[in-house]
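**Student:** Would you mind keeping the following structure in view while I ask a few things?
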Amino acid sequence: MSYRIPLFDLNYGPEEVQALADTIRDNWISMGPRCEAFEREFAALLDAPYALTVDNCTNALFLALRALGVGAGDEVLVPSLTFVATVNAVRYVGAEPVFCDIAGPDNLCLSPDEIEAKITSRTKAVIVMHYGGFPCDMRRIMAVAAKRGLRVVEDACHGPLSVWEGRRIGTIGDIGCFSFFSNKNISTGEGGMMTFRDQALFERAKLLRSHGMTTTSYQRAGGHSTQYDVIDLGYNFRMDDLRAALGRVQLQRLPKDLEQRARVRGWYESRLEGLPEITVPFAGHNGFVSNYIFVVALKEGGAGRRDRVRERLHAQGIQTSVHYPCAHRFSLYRERAGHLPWSEFASDHLITLPMYSKLTEEQVCEIVDTLKQVVVEP
Ligand SMILES: Cc1ncc(COP(=O)(O)O)c(C=O)c1O
């Protein structure tokens, strides 16, 4: 079925079409000058010392852990209320994910207390995920990491340009990882970016991104070099210039797109205020954030009631989602999981409502009115 009001809508225009056409006309479509330009522009916009394009964020997270030397026998602290890729990346390097709870029903980001409580002598790193683009408590998390010698990877998939204490998320820990999957704030179909503060880490990730080879095909095609050596066991995690061309246009659109999303969030928040059945996590947050998604939580009733509410919205042509089913309750992770009360509560009560910059005030009104109606049905 196609929805009257979908969960997400692309903000593409003629500029994206033109950028693709120009790339094809220039006759270089794999990783090349457009990837490099995208990296420079992304780094400049976020004020990150280094940025590296990759093929997706799942591989970015894996590459981050590899570059940091996390491996077999190590433990990595992770949220459970995240997309499962955050957790899988830990397994790819042979390390053990240790699930930590979120702060609570109003703040769906990792709890610094949980992080501190779950550190053992084997803990090597923590992956924080800035839920919906709302920053984790990086002051406390960075302090704990410094005190206990942990590396910090930021899964910043939800938050390009979100601000934490004057800095962009993804530039605070050791490595930031971003996704440009079609429904993200920057859409290139598939794609991702890594950001670094440290040059050596950046160089290592760059080498591993492309087979551990010392030169790229673009450098060789340009006659800058004719040979290469392979000095580490690398991968093919490259972006291509077609996606980079889309990403550069999307990056230009981003600031205005996020301003409009903030307006959409404001419409939602004012209309949902005081509704007895529902809370709005992060309500009233006053920093600049990406508003990647807009979620509400039922106050009670569990997953069964939540699913009935979603079903009724679906019947009215309004698409919703759940961000996320807890990773620690998936079959793959169940046996190593403890009890994470707030993550489980959130997972059973959250509903993701439509959020994108083209959404009109009338549509937000309609979504909220429909929600108000269906949430009181038995
Ligand atoms: C929080 C989070 N982490 C990781 C990923 C994985 O990103 P990608 O689809 O680019 O591999 C996603 C994308 O859905 C995500 O939302």
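Every read-out reported here was derived from the displayed coordinates using simple, explicitly stated rules and does not represent laboratory data. Here the structure is a predicted model, which is why all the values come from computation and not from measurement. Quick reminder, even Gly has a Cβ in these numbers, built from the backbone with ideal geometry, and neighbours come from all protein chains shown.
**Student:** Apply the Karplus parameterisation 6.51 cos²θ - 1.76 cosθ + 1.60, with θ equal to phi minus 60°, to every residue of region 73-84 and state each ³J(HN,Hα) to the nearest whole Hz, in sequence, with x for glycine and proline.
**Tutor:** x, 8, 10, 10, 7, 9, x, 9, 7, 7, 6, 4
**Student:** State the antiparallel share, in %, of DSSP beta bridges confined to the chain, rounding to the nearest 5.
**Tutor:** 55 percent
**Student:** Now a separate question. Hey, rough spin-label estimate for Ala117 and Glu165, points 7 angstrom out along Cα→Cβ, what's it come to in nanometres?
**Tutor:** Calculated label separation equals 2.4 nm.
**Student:** Would you be so kind as to identify which of Thr215, Met194, Trp267 lies farthest towards the positive end of the dipole of region 183-270, taking Lys and Arg as +1 and Asp and Glu as -1 on Cβ and the Cα centre as origin?
**Tutor:** Of the options given, the answer is Trp267.
**Student:** Continuing with this model, one more query. List the residues, sorted by chain then number, that are 5 or more residues from Gln319 or on another chain and whose placed amide H is less than 5 Å from its amide H.
**Tutor:** The answer is Ile5, Leu7.
**Student:** Considering amide H positions built from the backbone, and no H for Pro or chain starts, which residues 5 or more places from Ile102, or on another chain, come under 5 Å of its amide H?
**Tutor:** It is Ser111, Trp342, Ser343, by chain and number.
**Student:** Now for a different question. Specify the inter-centroid distance of region 1-77 and region 292-367, based on alpha-carbon positions, in whole Å.
**Tutor:** Comparing the Cα centres of region 1-77 and region 292-367, I get a distance of 27 Å.
**Student:** When only C-alpha pairs under 8 Å and at least 6 residues apart count, what is the relative contact order of region 77-206, in percent?
**Tutor:** It comes to 16 percent, rounded to a whole number.
**Student:** Let me have the 222 nm mean residue ellipticity of the chain computed from DSSP H runs of 4+ only, each contributing -39500 (n - 2.57), with the sum over all residues rounded to the nearest 500.
**Tutor:** -12500 deg cm²/dmol
**Student:** Moving on to the next point. So what is the relative contact order of region 255-375, in percent, for Cα pairs below 8 Å that sit 6 or more residues apart? Display every interim value, and only then the final one.
**Tutor:** On the way: 140 pairs, mean separation 45.5, N = 121.
For region 255-375, the relative contact order is 38 percent.
**Student:** In addition: For the chain, count the residues as N, evaluate 2.2 N^0.38 Å, and divide the Cα radius of gyration by that value, please.
**Tutor:** The value comes to 1.00.
**Student:** Same structure again: Taking θ as phi - 60°, what are the ³J(HN,Hα) couplings along region 171-177 by the Karplus curve (6.51, -1.76, 1.60), each to the nearest whole Hz, with x for Gly and Pro?
**Tutor:** 10, 9, x, 6, 9, x, 10
**Student:** Also, quick follow-up: Number of Lys-Lys pairs in the chain under 24 Å by Cα, sequence gap 8 or more or different chains?
**Tutor:** 9
**Student:** Computed FRET efficiency, Cβ-Cβ of Glu362 and Arg263, R0 22 Å: what is it to the nearest 0.05?
**Tutor:** Details: r = 13 Å, r/R0 = 0.61.
Step by step, r from the Cβ atoms, then E = 0.95.
**Student:** At most 11 other C-beta atoms within 10 Å and a DSSP loop state: those are the exposed GluC sites (Glu not before Pro) I care about. Give me the longest piece of the chain that has none.
**Tutor:** 1-164
**Student:** Out of all DSSP beta bridges in region 93-234, what portion is antiparallel? Express it as a percent rounded to 5.
**Tutor:** Expressed as a percentage, antiparallel bridges in region 93-234 total about 50.
**Student:** While we're looking at this one, here's another question. Report the charge-dipole magnitude of region 255-375 in Debye, nearest 20, computed about the Cα centre from +1 at each Lys and Arg Cβ and -1 at each Asp and Glu Cβ.
**Tutor:** 240 debye
**Student:** Taking 35 Å as R0, compute the FRET efficiency from the Cβ-Cβ separation of Ser321 and Arg197 and round it to 0.05.
**Tutor:** 0.55
**Student:** Relative to the Cα centre, what is the charge dipole magnitude of region 1-79, using +1 at the beta carbon of each Lys and Arg, -1 at the beta carbon of each Asp and Glu, and rounding to the nearest 20 debye?
**Tutor:** Working: 5 positive and 12 negative charges, 33 e Å.
The dipole of region 1-79 has a size of about 160 debye.
**Student:** Further question on the same structure: Check the cysteines of the chain one by one and keep only those with no other cysteine Cβ under 4.7 Å from their own.
**Tutor:** So, Cys35, Cys57, Cys100, Cys157, Cys177, Cys326, Cys365.
**Student:** Right, next: What ³J(HN,Hα) values, in whole Hz, does the Karplus curve 6.51 cos²θ - 1.76 cosθ + 1.60 give for region 119-125 when θ = phi - 60°, with x put for Gly and Pro?
**Tutor:** So the J values, rounded to whole Hz, are 6, 10, 5, 8, 5, 10, 7.
**Student:** Below 8 Å, C-alpha to C-alpha, sequence gap of six or more: please give me the relative contact order for region 14-250 in percent. Could you put the intermediate results ahead of the total?
**Tutor:** Details: 509 pairs, mean separation 61.8, N = 237.
Averaging sequence separation for qualifying contacts and normalising by length gives 26 percent for region 14-250.
**Student:** In a Gaussian network model over the chain where Cα atoms closer than 10 Å are linked, find which of Tyr92, Tyr12, Tyr324 has the largest mean-square fluctuation.
**Tutor:** Result for the chain, Cα springs under 10 Å: Tyr12 fluctuates most.
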